[in-house]
1. For labels at residue 35 and residue 144 in the simple 7 Å Cα→Cβ model, what's the distance in nm?
2. By counting other Cβ atoms within 10 Å of each Cβ, how are 111, 87 ranked from fewest to most?
3. Can you pull the three principal axis extents for the Cα set of the stretch 28-139, in Å, largest first?
4. Under a plain spin-label model, where a point goes 7 Å from the Cα along Cα-to-Cβ, how far apart in nm are residue 76 and residue 62?
5. Assuming R0 = 22 Å, can you tell me the calculated FRET efficiency for the pair residue 88 and residue 131, based on Cβ-Cβ distance, to the nearest 0.05?
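No lab work stands behind these numbers, since they all come straight from the coordinates. The structure displayed is predicted, hence computed values, not measured ones. Please note: Cβ atoms are built from the backbone with ideal geometry, for glycine as well, and neighbour counts cover all protein chains shown.
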């Protein structure tokens, strides 16, 4: 039974973002550049994207007071909080994108005092093993009550 479970883990390794339990003769040498945006309501009521410099932003709370927020208030992992700079992927591109989506969802869920941000967006430029770069867009769910 135990051996069967181990074989199943190895065979299904490609189905997991991090490839856990799979054999890789050579590690992936990919890079990513993460850019964080907030989606807010503009003065005309239309949504607009606002670039978040260094993962830190100011927004009004429900009482109208301006407050400071930081991505690192929730996300402690350095490889998930390094913005606007190209860096190598520690665990591979698919694993990094899955972790970034989880971090994005966590931040959106736990920044309740930010009454302006409707959702958070990540624009991730991926250069997979030295090939031409491509962009992956990640978005959090809509934040209840924000921007109203």
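1. Taking the two extended label points, one gets 3.3 nm.
2. Ordered by Cβ neighbours within 10 Å, fewest first: 87, 111.
3. 48, 29, 19
4. 2.8
5. Step by step, r from the Cβ atoms, then E = 0.90.
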